[in-house]
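Let me begin by presenting the structure, written as structure tokens, before commenting on it.
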Amino acid sequence: FAKPSQQQVDSVCPFCGVGCQLTYHVNDGKIEHVEGIAGPANEGRLCVKGRFGFDYAHSPERLTRPLIRRAGAPKDPHGELRRLTPEQVRERFREATWDEALDAAAEGFRRALASTVARGRRSPVAGFGSAKGTNEEAYLFQKLVRTAFETHNVDHCTRLCHASSVAALMEGLGSAVVTNPLRDVQHADFLLVIGANPAQNHPVGATWIKNAVKKGARLVLADPRRTELARHSWKHLGFQPGTDVALLNAMLHTIVFEGLTDPAYIEAHTLDFAQLKAHLADFSPEAMAPVCGIDVATLREVARAYATAKNAMILWGMGISQHTHGTDNARCLIALALVTGQIGRPGTGLHPLRGQNNVQGASDAGLIPMVLPDYQRVADGPAREKAERLWKLAPGTLGSEPGLTVVEIVDAAHRKEIRAMLIQGENPAMSDPDAAHAREALAGLDHLVVQDIFLTETASLADVVLPATAWPEKTGSVTNTDRCVQLGRKAVPAPGDARADAWITEQLARRLGLDWAYGVAPDGSATDDATQGIGAVFEEMRALMPSIAGLSWARLRRQGAVTYPVVDAEDPGQPVVFTDGFPTPTGRASLVGAVLKPPAEEPDVEFPMVLITGRQLEHWHTGSMTRRSSVLDALEPSPVVSLHPETARRLGLWAGAQAQVRSRRGEVALPVRIDEGMPRETAFIPFAYAEAAANLLTNPALDPVGKIAELKYCAVDVRPV
Ligand code: SF4
């Protein structure tokens, strides 16, 4: 029984993209418990992370003072990926005042910029912003990189998340947003969930899917792993890892050649159907069944059920996007919806499930190297001119060439072309593919500044560490997977001298010669005043972003949640989009055929198994927050490698036995978990654990369009230790 709280503050969950609203119950400046409230995405529901993942904010490991690396202190990219001990921290860093630390941070960037006249894509400086921060923080971060560093070398974890989905959606539909909110599953008769594990990664979203099934919707789960949602499914398609295009093109072939398309929709709203039909001729179910491992009858049955459903909806996750053919995978899903007209109505459409709580908002705000806020391409002259006017820049300041992406920036740092980086709340030492390579690149920088709430594996390699406020310690907007902009509210004070990321960015900007005068509060608070602080930042975003033109700071403060597009003050917001055409020059969507390509690295004699990486219910991404949340850490305290029982038996392994998992890039040792749902000869490792970091193994090979790495497939060897 919780004691009565002195204070109750409504906010938004800091973890996944579902965007559940919650109430922090606070006593004496500490969160004591959390309750779900009736937000549009959750109606009071919370998963275990939302309910119990809050005490990380009060961890004794929080950064409370700025740190500056001691002269000559080692940066050890090859050491074990473990938290530094307090003695190691003291050996490597000294505490500093904010003025000292900000001066040192700015001076390092000035030095790097003075070392060369190269700017734009060849700038010696780059920045990784964060999908864990607010929209305002993301907006200010990309503005700082673009204006102070004169480069579009700014990216964030969307590159490792849905970059390929975004590329395919922009190409096909002219917009990368979800067409329908997740809760629209209640209006669907048929659901295709592919390459996603919502029961673990979007748990409250999964409850809506299960409710839809109870009401009679047919659920098809397409995933090499038989995950929890399979129990609720009409069919589970356990296809061979990496053969998504074979599976989906076989479905498209069935629909197109059995005459199950919607000719009126195709005629009115799409381009290039004839080319798509010709392309699909080679992808009959008979030809594709041996490739994807799903029998012909099932491929045809599922395709027919999708095409003939009254309303059918597709939801997908990183199983689709994190491949060297991720853009092709997403092109197939887009084509499925378009040729059947399963789009533009409630209960239909395309929903790439966004991962982090603000990956949608951070992308909208322009934390992407090829687009300005609201996906206005940097190559678009009028869009650049509008930003230059608003940001009071000389005409021509913003370049027209896209910047480098996450993996490209790391590679450029490795080649010593990028010399200095600013990282806000991201942990590439753990999250990037081939993590040893990423750590070498970070350690080799002349100047690395990291803003974070903990001394993460990345911050441990920094020259200057700036202690930031955690999610419950600041007010700002956040946009969930449904395009719903919600207000996160400050509930507790930050520890020690920790300051809001937006304040840090503004102070850095001023030291780098920019005349920013938002007056962001250092303690993360915000008021109703739209001319000062976070309110002023939001209003500037609104002036640059047509999608939220009708959402004023005052309206957001009043309503707390509004779904964009919201074009004017009278617009209630538009949960379902593309009801009559698409935001392309012709108003039509493009049908793009997908080619069949193997993964970049296939199993062979030395590395005979496939590794899939991902998340698990109790931990979020690199674990920096959830592994410091006492209940979540108690539930899942250590890394595991999941194997099918027969595979484990063949390898001489059993539940709890210690296994060594080795790829061409690295190795980890960790206990085995037996999982009947795993495909044979395949291993699954969550990437939250530094002591067995899955990304030491993963392949950095990129999708050529989306520039996303193949985190869902690489060749490994597994054996007893
Ligand atoms: Fe938080 Fe996602 Fe769980 Fe909701 S479903 S409580 S947003 S982690």
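The values are calculated or read from the model by the stated rules, or taken from the named source; none is laboratory data. Here the structure is a predicted model, which means the values were calculated and not measured. Every residue, glycine as well, gets a Cβ built from its backbone with ideal geometry; the counts of neighbours run over all protein chains shown. Ligands, DNA and RNA are stripped out before the accessible areas are found, and what is left, the full protein with its side chains, is counted by its heavy atoms. Shrake-Rupley method; radii C 1.70, N 1.55, O 1.52, S 1.80 Å.
Residues in segment 695-707 that are of a type outside the set (S, T, N, Q) and either open to solvent by 10 Å² or more (accessible area, probe 1.4 Å) or under 15 Å from Glu601 (Cβ atoms) (or both): Leu696, Leu697, Pro700, Ala701, Leu702, Asp703, Pro704, Val705, Lys707.
Taking segment 435-453 as the search range and keeping residues that are within 20 Å of the chain's Cα centre (by Cα) and not polar (S, T, N, Q), which one is nearest to Thr405 (Cα to Cα)? Per the criteria, the residue is Ala438. Filtered by the rule that a residue be in a helix (DSSP H, G or I) and either over 19 Å from Pro467 (Cβ atoms) or open to solvent by less than 90 Å² (accessible area, probe 1.4 Å) (or both), segment 73-90 gives Pro86, Glu87, Gln88, Val89.
The set of residues in segment 583-601 that are modelled with pLDDT of 95 or more and of a type in the set (D, E, K, R) comprises Arg588, Glu601. Suppose the filter is away from the ligand (no atom under 16 Å from the Cβ), assigned to a strand (DSSP E or B) and crowded, with 16+ Cβ neighbours inside 10 Å; does Ile31 pass it? For Ile31, the condition - away from the ligand (no atom under 16 Å from the Cβ), assigned to a strand (DSSP E or B) and crowded, with 16+ Cβ neighbours inside 10 Å - is not met.
Is at least one residue of segment 34-57 open to solvent by 80 Å² or more (accessible area, probe 1.4 Å) and either modelled with pLDDT under 95 or away from the ligand (no atom under 16 Å from the Cβ) (or both)? No, segment 34-57 contains no residue that is open to solvent by 80 Å² or more (accessible area, probe 1.4 Å) and either modelled with pLDDT under 95 or away from the ligand (no atom under 16 Å from the Cβ) (or both). Return a yes/no flag: does segment 69-85 have any residue that is within 15 Å of the ligand (Cβ to nearest atom) and either in contact with a Phe, Trp or Tyr (Cβ under 8 Å, 6 or more places away or on another chain) or of a type outside the set (A, V, I, L, M, F, W, C) (or both). No; the residues of segment 69-85 include none that is within 15 Å of the ligand (Cβ to nearest atom) and either in contact with a Phe, Trp or Tyr (Cβ under 8 Å, 6 or more places away or on another chain) or of a type outside the set (A, V, I, L, M, F, W, C) (or both). Counting only residues that are of a type outside the set (Gly, Ala, Ser) and part of a helix (DSSP H, G or I), segment 311-350 holds 13 of them. The number of residues in segment 1-24 being touching a Lys or Arg at 6+ places or on another chain (Cβ under 9 Å), open to solvent by 10 Å² or more (accessible area, probe 1.4 Å) and more than 11 Å from the ligand (Cβ to nearest atom) comes to 2. Taking segment 367-469 as the region of interest, the helices (runs of 4 or more DSSP H) fully inside it that hold 1 or more residues being out of contact with any Leu (no Cβ under 7 Å at 6 or more places or on another chain), farther than 30 Å from Arg92 by Cβ and open to solvent by 10 Å² or more (accessible area, probe 1.4 Å) are 381-390. All conditions in (1) under 11 Å from Thr340 (Cα atoms); (2) modelled with pLDDT under 95 hold for Ser321, with the sole exception of (1). Kindly evaluate Arg111 against the criterion of being at pLDDT 95 or above and over 30 Å from Pro395 (Cβ atoms). So Arg111 does not fit the description; no.
Restricted to segment 668-721, the set of strands (runs of 3 or more DSSP E) holding at least 2 residues that are farther than 24 Å from Glu440 by Cβ comprises 682-686, 714-720.
Residue by residue, here is whether (1) surrounded by fewer than 24 Cβ atoms within 10 Å (Cβ to Cβ); (2) in contact with a Gly (Cβ under 7 Å, 6 or more places away or on another chain); (3) over 20 Å from Phe538 (Cβ atoms) holds:
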site: Thr481; (1), (2), (3): no, yes, yes
site: Leu487; (1), (2), (3): yes, yes, no
site: Val492; (1), (2), (3): yes, yes, yes
site: Asp497; (1), (2), (3): yes, no, yes
site: Ala500; (1), (2), (3): no, yes, no
site: Gly513; (1), (2), (3): yes, no, yes
site: Trp516; (1), (2), (3): yes, no, no
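Look at segment 202-218: where a residue is under 15 Å from Asp482 (Cβ atoms) and a partner is part of a strand (DSSP E or B) and more than 16 Å from the ligand (Cβ to nearest atom), sitting 6+ places away or on another chain with Cβ atoms under 7 Å, you get Ile209/Leu191; Ile209/Leu219.
Being in a helix (DSSP H, G or I), more than 16 Å from the ligand (Cβ to nearest atom) and more than 21 Å from the chain's Cα centre (by Cα) is a description that does not apply to Leu221. Do we have any residue at all in segment 609-617 that's over 28 Å from Thr458 (Cβ atoms), surrounded by fewer than 23 Cβ atoms within 10 Å (Cβ to Cβ) and of a type outside the set (D, E, K, R)? Yes, some residue in segment 609-617 is over 28 Å from Thr458 (Cβ atoms), surrounded by fewer than 23 Cβ atoms within 10 Å (Cβ to Cβ) and of a type outside the set (D, E, K, R). Just to be sure before I move on: is His152 out of contact with any Lys or Arg (no Cβ under 7 Å at 6 or more places or on another chain) and not aromatic (Phe, Trp, Tyr) in the structure I sent? Against the criterion (out of contact with any Lys or Arg (no Cβ under 7 Å at 6 or more places or on another chain) and not aromatic (Phe, Trp, Tyr)), His152 does not qualify. Close Cβ contacts (under 9 Å, 6 or more residues apart or on different chains) running from residues in segment 9-23 that are on the phi > 0 side of the Ramachandran plot and of a type outside the set (A, V, I, L, M) to residues that are more than 8 Å from the ligand (Cβ to nearest atom) and not in a loop (DSSP other than H, G, I, E, B) comprise Gly19/Gln360; Gly19/Val478; Gly19/Thr479; Gly19/Cys484; Gly19/Gln486; Gly19/Ala561.
If you go through segment 172-185 and keep only what is touching a helix residue (DSSP H, G or I) at 6+ places or on another chain (Cβ under 6 Å) and either within 13 Å of the ligand (Cβ to nearest atom) or farther than 21 Å from Val562 by Cβ (or both), you end up with Gly172, Leu182, Arg183, Val185. Output yes when any residue across segment 649-661 is among the aliphatic types (A, V, I, L, M) and closer than 25 Å to Pro428 by Cβ, and no when none is. The answer is yes, given that some residue of segment 649-661 is among the aliphatic types (A, V, I, L, M) and closer than 25 Å to Pro428 by Cβ.
Of all residues in segment 502-511, exactly one satisfies the criterion of being without any contact (Cβ under 8 Å) to a residue 40 or more places away in the chain and crowded, with 22+ Cβ neighbours inside 10 Å, namely Trp503.
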